[in-house]
Amino acid sequence: MRILPDSTWVMAGDSITACERDVSDPVDLGTGYVALVAGMLTACHPSYRIRVLNRGVPGDTVRDLKVRWRSDVLSLDPDWLSVCIGINDVWQQFDGKPHPQPHVALPEYERTYDDLLTTARPGLKGLVLMTPYFLEPPGGPMRAMMDIYAAAVKRLAHKHSAIVVDAQAEFDRLVQHVPVDALAWDGAHLTLPGHMVLARAVLRRLDLAWDG
């Protein structure tokens with residue numbers, strides 16, 4: 001496995017990452033893919049003592065993540081960092097609701113994300129970027145925009161030597177066999193099987209040996 005023993009792994013993002021975590025409790029992992037990843041690491045490699053920290057905040061865009069980047073990421077001095085951000089950046093362009101600020105257009109999204117990774121990368125042993133996704137058939141307007149933002153994440157992963165988890169591709173493979181609402185109740189917020197898809201994809205990219 002790529003992560004060494006006694007590593008600290010910070011997982012940053014929005015509600016997909018937070019998934020019911022108590023934001024007032026710094027060690028609460030929530031109930032989603034972060035908790036599943038931590039559980040599998042302990043089950044498969046208990047001697048590694050990898051410390052997983054959930055720093056997802058519901059509703060966050062990359063603009064919001066920038067505000068808390070130092071306190072929620074850099075100050076924790078992680079060995080590994082994973083980031084899953086972008087769904088709200090796109091969602092807010094389609095939800096029809098008034099927002100206090102203009103939506104995060106693609107140039108700002110990519111530029112801000114790039115700046116955040118630039119500050120974090122020198123101190124990291126490993127970086128994982130998860131693409132934003134939307135469980136809508138290809139050609140749907142929100143899905144089409146999400147694919148554009150996901151392409152930006154892939155460009156940033158290449159620039160910053162990060163591991164890419166193509167979440168959209170993982171879900172596209174599954175929806176050939178199971179209904180969309182078995183994975184996400186609104187196209188974005190995941191069910192337990194949906195979170196397991198993400199957790200498994202992340203751990204496979206890190207070469208986890210499932211049998212220890």
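A short reminder: the numbers here are calculations on the coordinates, not readings from a lab. Only a predicted model underlies this, so the values are computations on that prediction, with no experimental measurement involved. No Cβ is skipped: glycine too gets one built from the backbone with ideal geometry, and neighbour counts run over all protein chains shown.
With a simple spin-label model that places each label point 7 Å from the Cα along the Cα-to-Cβ direction, the separation between R2 and D95 comes to 3.1 nm.
When the chain is treated as a GNM with alpha-carbon contacts under 10 Å, the residue of Q168, Q176, Q92 showing the greatest mean-square fluctuation is Q176. Computed from phi, the 3J(HN,Hα) profile of region 138-151 under the Karplus parametrisation 6.51, -1.76, 1.60 (θ = phi - 60°) reads x, x, x, x, 6, 4, 4, 5, 4, 4, 5, 5, 5, 5 Hz, with x in place of Gly and Pro. Please give the Cα centre distance for region 95-172 versus region 182-212, rounded to the nearest Å. Each part reduced to its Cα centre gives a spacing of 18 Å.
For the chain, a crude dipole built from +1 on the beta carbon of Lys and Arg and -1 on the beta carbon of Asp and Glu, taken about the Cα centre, is about 560 debye to the nearest 20. Working from label points 7 Å from Cα in the Cα-to-Cβ sense, the A209 to H45 distance is 1.0 nm. Largest mean-square fluctuation among V165, V197, V62, in a Gaussian network model of the chain whose springs join Cα atoms under 10 Å apart, belongs to V197. Partner lysines whose Cα lies under 16 Å from the Cα of K97, excluding those fewer than 8 positions away in the same chain, are not found. Put simply, the amide H of S82, placed in the peptide plane, has neighbours under 5 Å in V10, M11, A12, V128, leaving out anything fewer than 5 places away on its chain.
Hydrodynamic analysis of region 8-205 uses the Kirkwood radius over alpha carbon pairs. Inserted into Stokes-Einstein at 37 °C and 0.692 mPa s, it gives a translational diffusion coefficient of 195 µm²/s. A DSSP coil position with no more than 14 other Cβ atoms inside 10 Å describes the following chymotrypsin sites (Phe, Trp or Tyr not before Pro) in region 78-137: F94. Mind checking which lysines have their C-alpha under 30 Å from K125, skipping anything on the same chain fewer than 8 residues away? Within the straight-line limit of under 30 Å, K125 reaches these lysines: K66, K154, K159. Taking T119, T61, T31 as the candidate residues, the one with maximal mean-square fluctuation in a Gaussian network model of the chain, Cα springs under 10 Å, is T119.
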